Amino acid sequence: MRTFVLLMCLAVGCLAQAPHPCRSPPLLTGALSVANEKFYANSKYTYDAMGKRIRFKEIGSYENKTFGIDALLLFREGVMYMINHRNKTCTKERLKREDFHPMEIPADAALLGQVILGSSSGPGQGLLVNTWYGEVATPSGKDKWMSTFTEFGCIPVSSTYYTDKTGWTLTTFFNIVIGIMDPQEFFPPKFCQGAKLDETAEAANFYSIFKNLTK
């Protein structure tokens, strides 16, 4: 009996180890919402960390004006397509390859805490999550971020990011499925074949998706 109790204590001790930084599964399909003081959007996304590819299809509001965005980011090729289905047109821009960041908690992140979203009173009533904090050095100073990921599976739940220019931006993830539902999402439509890349233009990054909203 004592041996059984000892083994159970050891097992519980192993399960009760402190949370550690993690990386999400490399293939995800899901939805997200993004919001700050001026901007709000809902998006469906397809994410491929192995191929360094992301597809966003968004609809939202910026300063009380609605917009729609369909963007295909191919970091490995260094190309971003902005797709206009209504006009059957595309713009093709250079993309900064080094700006691809996998969905993960970096090794130098600080753990803020572990909580259960919902209730722990019954099976399926709660979700065990970890919240992390970190800073990113930039030419103008330091950006700050705080992210919440599930303890099991390392699935993103929410993330807030602060810059002096935009303030805090909140991103919430939901309806996530592990895997790619439609591989065709990573190929531009046929009417994009004639799009020409301006080699002299400044390379784009993720935030270039929203550049036209601020004009």
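Between the labelled values (1) 18.5, 58; (2) 19.6, 62; (3) 20.5, 75, the entry that holds Rg and Dmax of the Cα atoms in Å as derived from this structure is (3).
Please get the size of the charge dipole for the chain, origin at its Cα centre, with Cβ charges of +1 on Lys and Arg and -1 on Asp and Glu, quoted in debye to the nearest 20.
Using only the charged Cβ atoms, the result is roughly 460 debye.
What a 1.4 Å probe finds exposed on the chain is 57% carbon and sulfur by accessible area, rounded to a whole percent. Highest mean first, the peptides 134-142, 102-110, 188-196 sorted by other C-beta atoms within 10 Å per residue fall in the order 102-110, 188-196, 134-142.
Where only DSSP H runs of four or more residues are counted, the chain gives -2000 deg cm²/dmol as its mean residue ellipticity at 222 nm, each run worth -39500 (n - 2.57). Per residue, the chain exposes an accessible area of 64 Å² to a 1.4 Å probe, with every protein chain left in place. Ranked by the mean number of other Cβ atoms within 10 Å of their residues, highest first, the peptides 74-81, 58-65, 124-131 fall in the order 74-81, 124-131, 58-65. Evaluated with a Cβ-only charge set (Lys, Arg +1; Asp, Glu -1), the stretch 82-208 carries a dipole of roughly 480 debye about its Cα centre, given to the nearest 20.
Accessible area per residue (1.4 Å probe, heavy atoms of protein chains only) ranks K92, K165, K52, K38 as K165, K38, K52, K92, with the largest value leading. Each of A31, L197, S121 was placed along the dipole of the chain (beta-carbon charges, centred on the mean Cα), and the one lying farthest toward the positive end is L197. I'd like the FRET efficiency for T166 and L117, computed as 1/(1 + (r/R0)^6) with the beta carbon distance as r and R0 of 35 Å, rounded to 0.05. For T166 and L117, the calculated efficiency is 0.85. Once backbone amide H atoms are built at 1.01 Å from N, L197 has no partners under 5 Å, excluding neighbours fewer than 5 places away on the same chain.
Sort out for me the Cα centre separation of the stretch 42-71 from the stretch 77-156, rounded to whole Å. Between the Cα centre of the stretch 42-71 and that of the stretch 77-156, the gap is 14 Å. For the chain, the longest principal axis of the C-alpha atoms and the axis of helix 2-15 are separated by about 20°.
The values are calculated or read from the model by the stated rules, or taken from the named source; none is laboratory data. The model shown is predicted, which means the values in this text are computed figures rather than measured ones. Glycine gets a Cβ as well: all are built from the backbone with ideal geometry, and neighbour counts include every protein chain shown. Quick note on the areas: whole protein, heavy atoms, side chains included, nothing else; ligands and nucleic acids left out. Shrake-Rupley method; radii C 1.70, N 1.55, O 1.52, S 1.80 Å.
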